[in-house]
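Novice: The structure follows.
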Amino acid sequence: MERSFISELTEKENNKKVLIKGWVSEIRSLGKVQFIVLRDKTDSIQCVVHKDEIKSDLFNKIPKISIESVLEIEGKLKTSKQAKKGFEITIEDLNILSESLTPLPIDTSEKSKTMIDKRLDYRFLDLRRPQINAIFKTRSKVFNIVSNFFDSKGFYSINTPKITAAGVESGAEQFSIDYFGKEAFLTQSPQVYKQMFVVAGLERVYEIGEVFRAEKSHTTRHLTEFTGIDLEMGFIKDENDVMNVLEELMKYLLKEVKEKCKNELELLNVKIDVPKKIPRITLEEAKKLVEKKGKKVKENEDLDAEGEKLISEIIKEKYDSDFVFITLYPWEKKPFYHMRDPKNKKVTKSFDLVYKGVEISSGSQREHNYNVLKEQSKEKGIDIDKMSFYADIFKYGAPPHGGAGIGFDRLIQRMLNLENVREAILLPRDPERLTP
Ligand code: AMO
């Protein structure tokens, strides 16, 4: 008989013979009748057996089956008023495919009391909890929705090297590795490559890939390895064109998630608000707004985590938006490849996107004129000609372009109201964690 997934079963199929496979969530023995709640990737269902309806050795085996063992159950689908779904399966045959050891190293119940560190040590068991499973089912959908969006907007998907000779972001955050006796680095951003392939004539590119940062940060938003959603687009008028694409992406994504992840959102108790319009304010305006609420931010300083939280609260109150773009960051704080604002050279044509109190993306228009880029890098103490792999890109016809990087894990964290970014990634890497 072919296996059915639990979510496919309906009460309309009363008396139908079915075969289901999955993990044991619960066993209840009430003398002459026993219940097994079996769970597969789609849902769970109550299975019931009466003593006089099955071979006695099989009946006697049931109470000894441990939670999380893997079973296959053959039986008949029966409507039942008492069952949660309005129907259950009466067991006719049962096969133990794999027994689970007891006790389990972590608490896999709905309201698990196990701390996050221990849960991450046993992530494969942690995901047996339907709510945790729901996070990663949603994440998988988001991956597809984002890819479809970029595809529909004429972006090409690219895959770029993660082992590199040098990056263009700050050098301090690079992981250095021994590459056959030479020093190499794990990529901090596909920045160089996404610009390279816009200039190469693809015009619009995106990459969803791993990004590495040697940041010794012990916060709820920093990882040392995260997934970046990077985009880059050519022939833009200015950085607003990039923000327009990001804004459209966020609206489309949240609308799609709301429709396609109904069960997951319900399990996670998350309500999603699709933004109508994402406000855009300059960093200077943002600073004034948070200062009015009693938070001081120094000149040339960015908003810190507390400032981002505060500005989000202010924007939510003022514009009823979970998102805000903060624009025009000081040149002093931004990398050399950003384009400076011709009206005010002290700032760059840059932006951050803050979602429910956390920066989830940053981007800018890039400087595409080689001579200006050379000047700008010199000002930052960098000799661009020593990075010929980067400098050359701008020597043979480079269109005006810009782009942004979105932290995939932070996006999921904020979308699903998770306290810690580690909840949004299957196997987080941080300064203390290299396993599993
Ligand atoms: P940036 O360094 O701001 O920009 O990174 C882009 C986005 O990546 C996420 N992010 C992180 N997520 C988890 N852990 C971290 N340690 C971490 N660091 C960053 C954030 C951030 O907004 N090249 C530019 C992007 C561009 O201009 O296109 C860049 O990498 O959500």
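Novice: What list of ³J(HN,Hα) couplings, whole Hz, do you get for segment 67-74 from phi and the Karplus terms 6.51, -1.76, 1.60, once you set θ to phi - 60° and write x for glycine and proline?
Specialist: 4, 6, 5, 9, 10, 10, 10, 10
Novice: Quick one: putting +1 on the C-beta of Lys and Arg, -1 on the C-beta of Asp and Glu, what dipole do you get for segment 1-150 around its Cα centre, in Debye to the nearest 20?
Specialist: Numbers: 28 positive and 22 negative charges, 87 e Å.
For this selection, approximately 420 debye.
Novice: A follow-up question, please. Show which aspartates and glutamates lie in cross-link reach of LYS21 when reach means a straight Cα distance below 17 angstrom and same-chain residues fewer than eight apart are skipped.
Specialist: In chain and number order, the partners are GLU2, GLU8, ASP40, ASP43, GLU68, GLU72, GLU74, GLU88, GLU92, ASP93, GLU99.
Novice: Let me ask something additional. Compute the distance from the alpha-carbon center of segment 42-61 to that of segment 348-369, in whole Å.
Specialist: Between the Cα centres of segment 42-61 and segment 348-369 lies a distance of 58 Å.
Novice: Does segment 271-314 come out rounded, prolate or oblate, given a ≥ b ≥ c as the square roots of the eigenvalues of its C-alpha gyration tensor, rounded meaning a/c under 1.5 and, failing that, prolate meaning a/b above b/c?
Specialist: Because a/c hits 1.5 or more and a/b exceeds b/c, segment 271-314 counts as prolate.
Novice: Using only C-alpha positions, report the orientation-averaged shadow area of the convex hull of segment 359-422, nm², one decimal. Write down the numbers at each step before the final one.
Specialist: Values: hull surface 24.5 nm².
Mean shadow area of the hull around the Cα atoms is 6.1 nm².
Novice: Take every DSSP beta bridge whose two residues both sit in the chain, then give the antiparallel share in percent to the nearest 5.
Specialist: On the way: 76 of 84 bridges.
That works out to approximately 90 percent antiparallel.
Novice: Beyond a 25 Å Cα-Cα separation, which of these cross-linked pairs lie in this structure: LYS216/LYS333; LYS111/LYS251; LYS309/LYS334; LYS277/LYS309?
Specialist: Numbers: LYS216/LYS333 20 Å; LYS111/LYS251 32 Å; LYS309/LYS334 21 Å; LYS277/LYS309 19 Å.
Beyond 25 Å between Cα atoms: LYS111/LYS251.
Novice: Once the Cβ-Cβ distance between GLU375 and GLU215 is put in as r, and R0 is 41 Å, what FRET efficiency do you end up with, to the nearest 0.05? The partial results should precede the final answer.
Specialist: Details: r = 29 Å, r/R0 = 0.71.
After rounding to 0.05, the efficiency reads 0.90.
Novice: Pick out the long, greasy-scoring helices in the chain: whole DSSP H runs spanning 24 Å or more along their own axis by Cα, mean Kyte-Doolittle at least -1.0. Please list the in-between numbers first.
Specialist: Numbers: long enough: 130-152 (32 Å, 0.02); 239-260 (31 Å, -0.60).
Membrane-span-like by this criterion, though nothing is claimed about a membrane: 130-152, 239-260.
Novice: Given +1 on the Cβ of Lys and Arg, -1 on the Cβ of Asp and Glu, and no further charges, what dipole in debye does the chain carry about its Cα centre, rounded to the nearest 20?
Specialist: On the way: 75 positive and 72 negative charges, 198 e Å.
So the magnitude is around 960 debye.
Novice: Using θ = phi - 60° and the Karplus curve 6.51 cos²θ - 1.76 cosθ + 1.60, what whole-Hz ³J(HN,Hα) does each residue of segment 87-99 get, with Gly and Pro shown as x?
Specialist: My calculation for segment 87-99 gives 8, 8, 10, 8, 6, 10, 8, 8, 10, 8, 7, 6, 8 Hz in order.
Novice: Taking amide H atoms as placed 1.01 Å from N in the peptide plane, list the residues 5 or more away in sequence, or in a different chain, whose amide H sits under 5 Å from that of PHE87.
Specialist: Amide H to amide H, under 5 Å and 5 or more residues apart or across chains, PHE87 pairs with SER80.
Novice: Something else about it: Towards the positive end of the charge dipole of segment 184-223, with charges on Cβ (+1 Lys, Arg; -1 Asp, Glu), say which of HIS218, TYR193, TYR206 has the farthest Cα.
Specialist: HIS218
Novice: Quick check: Cα centre of segment 194-214 to Cα centre of segment 275-340, how many Å?
Specialist: Answer, in whole Å: 26.
Novice: In terms of modelled amide H atoms, which long-range or inter-chain residues lie less than 5 Å from the amide H of GLU225?
Specialist: ARG213, ARG429
Novice: Sticking with this structure for a sec: Exposure proxy check: MET250, MET1 ranked by fewest other beta carbons within 10 Å?
Specialist: Numbers: MET250 23, MET1 8.
Listed from fewest to most nearby Cβ atoms, that is MET1, MET250.
Novice: Another question, if that's okay. How are the alpha carbon pair distances in the chain distributed across 10 Å bins from zero to the largest one, expressed in percent?
Specialist: 4, 18, 25, 21, 14, 10, 6, 2, 0
Novice: Same structure, new question: Karplus couplings for segment 343-351 from phi (6.51 cos²θ - 1.76 cosθ + 1.60, θ = phi - 60°), rounded to Hz, Gly and Pro as x?
Specialist: Going residue by residue, I get 7, 8, 5, 6, 10, 10, 7, 10, 7 Hz, with x marking Gly and Pro.
Novice: Return the aspartates and glutamates within reach of LYS378: Cα separation strictly under 17 angstrom, same-chain partners fewer than 8 residues apart disregarded; answer none if there are no such residues.
Specialist: GLU169, GLU332, GLU367, ASP392
Novice: With Rg and the Kirkwood Rh both taken from Cα atoms, where does Rg over Rh land for segment 284-436?
Specialist: Rounded to two decimals, Rg/Rh equals 1.03.
Novice: Still on this structure, I have one more. Roughly what would the spin-label model give for LYS296 and GLU317, points 7 Å off Cα along C-beta, in nm?
Specialist: Going by the 7 Å Cα→Cβ label model, 2.2 nm.
Novice: I've got another one for you. Out of residues 5 or more away from ASP341 or on other chains, whose amide H comes under 5 Å of its own, with H placed 1.01 Å from N in the peptide plane?
Specialist: Result for ASP341 returns VAL347, THR348, LYS349.
Where a number appears in this text, it was derived from the coordinates with a stated rule and is not lab data. Bear in mind the structure is a predicted one, so any value in this text is a computation, not a measurement. Here Cβ is always computed from backbone atoms with ideal geometry, including for glycine, and neighbour counts include all displayed protein chains.
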